[in-house]
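K.L.:
Sending over a structure as structure tokens; questions will come in a sec.
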Amino acid sequence: MAAFAFEQSLNAIQLGLTLFLLTAGLTLTFGFMGVINLAHGSVYMIGAYVLAAVSLRTGSFLIGIAAALLTTGIIGLLLELSLVRRLYRRGHLDQVLATFAVILIANGLTTWLFGRQPIQLDIPSYLSGPLRLTADLSYPKYRAFLIALGVAIAVLLHIVMGRTRVGMRVRAGSTHRELVRALGVDVRGLFALVFGLGSMLAGFAGALIAPLQAVEAGMGDQIVILAFVVIVIGGVGSVRGAFFASLMVGIVDTLGRVVLPFLLKSFTAPAVSTALSIGVSSTAVYLLMAAVLIVRPAGLFAGRA
Amino acid sequence: MGISAVKPHLAFLSAALAIGASVAHAQSPVKIGLITTLSTAGGALGQDMRDAFQLAAKEEGGKLGGVPVDLMVADDGLNPNTAKDIAERMLQHDGIRLFTGIIYTNVTLAIVPDLLRAGAVVIQNNTGPVELDGKNCNPNLFGSAWHGEAPGESAAAAANARNTKQLMTIVPNYTSGLEQRGAFKRGFKGQILDDILVKLNQTDYAAEISQIKLRRPEGIYMFLPGGMGISFMRQLHQADIGDIPMYAATTVSEQVTATVGEAARNVVGSAPWTPDLDNPASRKFVAEFREAYKRTPTVYAANGYDTAKLIGSALAATRGDISNIAAVRKAILAAKFDSVRGKFAFGASQYPVEDWYMTTVSKDASGTYVPHNAGKVLTAHGSPYADQCKF
């Protein structure tokens, strides 16, 4: 049972960290530029497809990852220059409509290029299989790899945001945009940079999750909703908020799927407990969001907007 | 999304029209409405079914049973409202009275009652819903694939055949998932250790797999169609859990095992037809399908092909006159065609009475993982609700 609890804790952390990769970029574009970008999920999907296609052809997972980072970074830049740039001064409804159109186009093009069946992708042999920790304790190597990478990216972002000039400008821009502009910072260029980097992070998340999931058109449409929940909990624009909120969502979601059915089974009739636990566990994350918003309406780590 | 779906559709229509035109002096073609799902993530099944149906018509140069047919293909986008609009247009504007092609139960339930009320004949070429079986059967509704609970029942038969003492189930929390699980549990003779319910379209199964690891079941009954099953198999393969058979009925196709590779090696499927089934009609179908589409047909393709042949047999018997519904019904019920399943017969509620086979997955010569027929698990199996059907 101890091994089981440990394993589920790792599951919760891994889910949270993977979610963080996706939300870190989204919270920056949302907080810094005020743009609701639904197409973030499409970039996540593109990252997965590029990894799958390139690593299948070259036989190298690492080349696949590099190609996914490069492609999604460039796509992010192009998206900012061609479309998102025109949306800054418009309302949220226009932003939702325009970026939703990007989702439809991306899904259509993906189906056209790769077909409707999910595509083939294997975990590289050195990351495949279980990592044996003790006699009765093991964890999938690939998930351990995801945890390590998630921590590394979180540390890297912490340093970039807290210790570098660019990070300082981005942080300042998300709370005091006009002041930053008045100081002579090229805000346009900074926007494009942040959007490109944010897209690259989304592509990275998609590429990393690809070997564990079905790589298919529309795979990013669902998870982007969860990413917005994380951002709202963490406080719009805060990378630190996104980090802790991602972990919270990972923990609450895993608890809701494991502990809740178990507890309810021991207290209520089977039919009742099944209906109740599936109801509560599928809404657990949203209940968390509601609870956080009651206590802190602007999210956990909200800056002064 | 619709781009690739529309192209072959138009191409075929123009081909069908051209063929139709050359024989128009002999007989005006019988219109067949093929309402199916070609787009969205669920589009692969409809595509297979349509391709096989068109193959059957192409064999005869645009005819079925010697009668020229005008096949009108429409994509419902897995949306019941879209399907309703298409059905209305085909009934009123095109005057179609013969329908098939529907893949998903929510579409079936949305439009089939309307079609039947309008006096049309409907051949359901995928899972026939329980809601239109038994007491709610209809003389003009036929199922050419299997009755509603057959997939779950056949998975149970496969688990029983392999002497499984205990197992766990995993299904998404929606109607079909719960129905199939119910059918499985009624048929399974061993003990159910635990039932896991997941969200529809869930992508991460880490928490569930840890539970499975803890309970150490001898097998898993899974009803996780499409991408859900792929994600689950890939993730289970990474866990320290050994070889656990996954009883998946018809949800894991040849394409899926090829995509998933080694992680699909423990899948035990079940179906009334497999590509390696040894009979002349099946051999011919598999060879022609591979030749035409460069892929191995799935059981959904086989259902489409059999449906076309079934319609062909009825058109031959009625000489293409489908205005006399009683004669059409009689001809369909007789089912005089060479089924790829070897034999074909209807039960009292007009769903097939058929044999089911178990499949296991292994590597073929080219290194691709492919399901193989591993023997019969159900003989002459029909709907459990057939005797409640009274016309």
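The values are calculated or read from the model by the stated rules, or taken from the named source; none is laboratory data. Bear in mind the structure is a predicted one, so any value in this text is a computation, not a measurement. Virtual Cβ from ideal backbone geometry, glycine too; neighbours counted across all protein chains shown.
This table checks each residue for (1) of a type in the set (Gly, Ala, Ser); (2) in a helix (DSSP H, G or I); (3) at positive phi.
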| position | (1), (2), (3) |
| --- | --- |
| B:ASP278 | no, no, no |
| B:ALA281 | yes, yes, no |
| B:ARG341 | no, no, no |
| B:GLN350 | no, no, yes |
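K.L.:
With B:ALA118, B:ALA183 as the choices, which residue is farther than 30 Å from B:LEU64 by Cβ, in contact with a helix residue (DSSP H, G or I) (Cβ under 6 Å, 6 or more places away or on another chain) and without any contact (Cβ under 8 Å) to a residue 40 or more places away in the chain?
P.N.:
Matching residue, one of B:ALA118, B:ALA183: B:ALA183.
K.L.:
Picking from B:GLY320, B:GLY269, which residue would you name as being surrounded by 17 or more Cβ atoms within 10 Å (Cβ to Cβ), under 17 Å from B:ALA374 (Cβ atoms) and out of contact with any Cys (no Cβ under 7 Å at 6 or more places or on another chain)?
P.N.:
Only one candidate passes the filter, namely B:GLY269.
K.L.:
Could you list, in sequence order, the residues of region A:180-217 that are part of a loop (DSSP other than H, G, I, E, B), within 14 Å of chain B (Cβ to nearest Cβ) and either aliphatic (A, V, I, L, M) or within 23 Å of A:VAL155 (Cβ to Cβ) (or both)?
P.N.:
Those that are part of a loop (DSSP other than H, G, I, E, B), within 14 Å of chain B (Cβ to nearest Cβ) and either aliphatic (A, V, I, L, M) or within 23 Å of A:VAL155 (Cβ to Cβ) (or both): A:ALA214, A:ALA217.
K.L.:
Any idea which residue in region B:250-270 is farthest from B:TYR300 (Cα to Cα), counting only those that are in contact with a Phe, Trp or Tyr (Cβ under 7 Å, 6 or more places away or on another chain) and part of a loop (DSSP other than H, G, I, E, B)?
P.N.:
In this case the residue turns out to be B:ARG265.
K.L.:
Could I ask something else about it? Please verify whether A:ASP94 is free of Cβ contacts under 8 Å to residues at least 24 places away in the same chain and either over 20 Å from the mean Cα position of the chain (by Cα) or away from chain B (no Cβ under 14 Å) (or both), treating the condition exactly as stated.
P.N.:
yes
K.L.:
Here is a follow-up. Quick one: which of A:GLY241, A:GLY196, A:GLY206 is crowded, with 24+ Cβ neighbours inside 10 Å and within 28 Å of A:ARG177 (Cα to Cα)?
P.N.:
A:GLY241
K.L.:
Any idea how many residues of region A:221-256 are under 30 Å from A:ALA172 (Cα atoms) and in a loop (DSSP other than H, G, I, E, B)?
P.N.:
Total satisfying the criteria: 4.
Residues checked against (1) within 22 Å of the chain's Cα centre (by Cα); (2) crowded, with 19+ Cβ neighbours inside 10 Å; (3) at pLDDT below 95:
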| position | (1), (2), (3) |
| --- | --- |
| A:ILE46 | yes, yes, no |
| A:LEU51 | yes, yes, no |
| A:ILE65 | yes, yes, no |
| A:ALA68 | yes, yes, no |
| A:THR72 | yes, yes, no |
| A:LEU77 | yes, no, no |
| A:ASN107 | yes, yes, yes |
| A:TRP112 | no, no, yes |
| A:ILE123 | yes, yes, yes |
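K.L.:
Do you know which residues across region A:1-47 are outside any helix (DSSP H, G or I) and over 20 Å from A:GLY256 (Cβ atoms)?
P.N.:
A:GLY34, A:VAL35, A:ILE36, A:ASN37, A:LEU38, A:ALA39
K.L.:
Still on this structure, I have one more. Any residue that is within 14 Å of chain A (Cβ to nearest Cβ), under 30 Å from B:GLN350 (Cα atoms), aliphatic (A, V, I, L, M) and touching a helix residue (DSSP H, G or I) at 6+ places or on another chain (Cβ under 6 Å) - is there at least one of those in region B:159-178?
P.N.:
Yes: region B:159-178 contains one or more residues that are within 14 Å of chain A (Cβ to nearest Cβ), under 30 Å from B:GLN350 (Cα atoms), aliphatic (A, V, I, L, M) and touching a helix residue (DSSP H, G or I) at 6+ places or on another chain (Cβ under 6 Å).
K.L.:
Among all residue pairs at least 6 apart or on different chains, which show Cβ distances below 6 Å where the first residue, located in region B:127-149, is among the aromatic types (Phe, Trp, Tyr) and the second is surrounded by 22 or more Cβ atoms within 10 Å (Cβ to Cβ) and modelled with pLDDT of 95 or more?
P.N.:
Close Cβ pairs satisfying both conditions: B:PHE142/B:ILE123; B:PHE142/B:ILE332; B:PHE142/B:GLN350.
K.L.:
It is to be established whether one or more residues within region B:239-255 are over 21 Å from B:GLY46 (Cβ atoms), within 11 Å of chain A (Cβ to nearest Cβ), surrounded by fewer than 24 Cβ atoms within 10 Å (Cβ to Cβ) and acidic (Asp, Glu).
P.N.:
The answer is yes; a qualifying residue exists.
K.L.:
In region B:193-222, what residues are within 23 Å of A:MET219 (Cα to Cα) and either of a type in the set (D, E, K, R) or assigned to a loop (DSSP other than H, G, I, E, B) (or both)?
P.N.:
Matches in region B:193-222: B:LYS199, B:LEU200, B:ASN201, B:GLN202, B:THR203, B:ASP204, B:TYR205, B:GLU208.
K.L.:
Filter region B:165-190 down to residues that are outside any helix (DSSP H, G or I) and crowded, with 17+ Cβ neighbours inside 10 Å, then give me how many there are.
P.N.:
Qualifying residue count, region B:165-190: 8.
K.L.:
I'd like to know if region A:271-283 contains one or more residues that are closer than 12 Å to A:PHE20 by Cα, away from chain B (no Cβ under 13 Å) and in a helix (DSSP H, G or I).
P.N.:
The answer is no, given that none of the residues of region A:271-283 is closer than 12 Å to A:PHE20 by Cα, away from chain B (no Cβ under 13 Å) and in a helix (DSSP H, G or I).
K.L.:
So is A:ILE103 under 21 Å from the mean Cα position of the chain (by Cα), within 14 Å of another protein chain (Cβ to nearest Cβ) and not in a helix (DSSP H, G or I) or not?
P.N.:
no
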